Amino acid sequence: MKKKSMMMTVIAVLFVVFVLVNAGLVVTYPNEYTVIKQFGKIESIRSEAGLSLKIPFIQTAEKIEKEVLLYDLAVSDVMTKDKKSMIADCFVLWRIDDPYKYTQTLSAQKSNAEFRIDTIVYNSLKNVISSLSQEEVISGRDGELAEAIRDHIGETLGQYGITLLAVETKSLDLPDENKNAVYERMISERNNIAATYQAEGQEEAKEISNNTNAEIIVMQSEADAQAQEIIAKGEAEYMRILSDAYNDPEKADFYLFLRSLDAAKKTMTGNNKTLIVDETSPIAQIFY
């Protein structure tokens, strides 16, 4: 009986030791913080992955996520500056960077954090869109709108130990009853802009064409004048050579001889090669 009683005592002691060791061990994973509390007060925060100790039954360990988190806001109606209704569907990427502040202000409860994020982001979304026209909102969906919302929020969430990484709009659309009217108006405005560009292009093309035609006329006129000048110089040179030829009796006789031959050649056409001239004809003189 004594051996059995001692065995039970040893087992009980080992069990108590196991419970105490198990209650005193804290496991911290790489994607989490461990907040150690004693009587509701924060004693320490473990951010490094691994095993650590706490006082069993006196200290408690609470886990906080360390990774990037996503919160999906509910679809909501917002109003633009020109009193047009739009439907916004957004999501937020956020992270806990100060677990001490997070625990103090939000009791380390993710639901409390998401409530704060929802309120702050929705109010910012509503304020930014209310300062823009519907057309500006639609044209800003490539990133400008998200940046404006992020700038409007600023560091507001920092007081809760939260860093806001991004605010993105999954969709930002018009109510079904307004879509057709807005799209038709936008198409009409784009057509007007296109027509303006087209008219400006045609006017510029006309101006270029007129300038080109004027330049062509000036160049042609200059070319004609230059050609006339060259012709006049050629004729003058021809007359000078002719004059020199006639001033020299020998050259004059030779020149007259060549002219008579040319004249005789032109009169003999076809198959008839007979030339009949009067003896007083200049052509007849070349044969004497």
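The values are calculated or read from the model by the stated rules, or taken from the named source; none is laboratory data. Model, not experiment: these values are computed from the prediction. For neighbour counting, all protein chains shown are included, and Cβ atoms are generated from backbone atoms with ideal geometry for every residue, glycine included. Please note that ligands, DNA and RNA were not included when accessible areas were found on the heavy atoms of the full protein model with its side chains. Shrake-Rupley method; radii C 1.70, N 1.55, O 1.52, S 1.80 Å.
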Of (1) more than 20 Å from residue 102 (Cβ to Cβ); (2) of a type outside the set (D, E, K, R); (3) out of contact with any His (no Cβ under 9 Å at 6 or more places or on another chain); (4) at pLDDT 90 or above, residue 175 fails just (4)
Per the filter on the range 122-148, residues acidic (Asp, Glu) and in contact with a strand residue (DSSP E or B) (Cβ under 8 Å, 6 or more places away or on another chain) are none
Note on the range 160-172: residues farther than 12 Å from residue 113 by Cβ and not charged (D, E, K, R) are 165, 166, 167, 169, 171, 172
Residue 77 passes all but one of the listed conditions (1) surrounded by 14 or more Cβ atoms within 10 Å (Cβ to Cβ); (2) within 19 Å of residue 171 (Cα to Cα); (3) among the acidic types (Asp, Glu); the exception is number (1)
>> Looking at the structure I just gave you, is residue 11 more than 51 Å from the chain's Cα centre (by Cα), open to solvent by 50 Å² or more (accessible area, probe 1.4 Å) and at pLDDT below 80?
In response: yes
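Taking residue 39, is it at pLDDT 85 or above and open to solvent by 60 Å² or more (accessible area, probe 1.4 Å)?
yes
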For the range 125-148, the count of residues that are touching a residue at least 40 places away in the same chain (Cβ under 8 Å) and open to solvent by less than 20 Å² (accessible area, probe 1.4 Å) equals 4
Exactly one of 164, 132, 145 is touching a Gly at 6+ places or on another chain (Cβ under 9 Å) and farther than 22 Å from residue 106 by Cβ, and that one is 132
Inspect all residues belonging to the range 84-93 and state whether any of them is within 30 Å of residue 130 (Cβ to Cβ), at pLDDT 90 or above and open to solvent by 30 Å² or more (accessible area, probe 1.4 Å).
yes
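Residue-wise test of (1) among the small types (Gly, Ala, Ser); (2) under 18 Å from residue 26 (Cα atoms); (3) in a loop (DSSP other than H, G, I, E, B).
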{"position": "60", "(1), (2), (3)": "no, yes, no"}
{"position": "67", "(1), (2), (3)": "no, no, yes"}
{"position": "82", "(1), (2), (3)": "no, no, yes"}
{"position": "86", "(1), (2), (3)": "no, no, no"}
{"position": "94", "(1), (2), (3)": "no, no, no"}
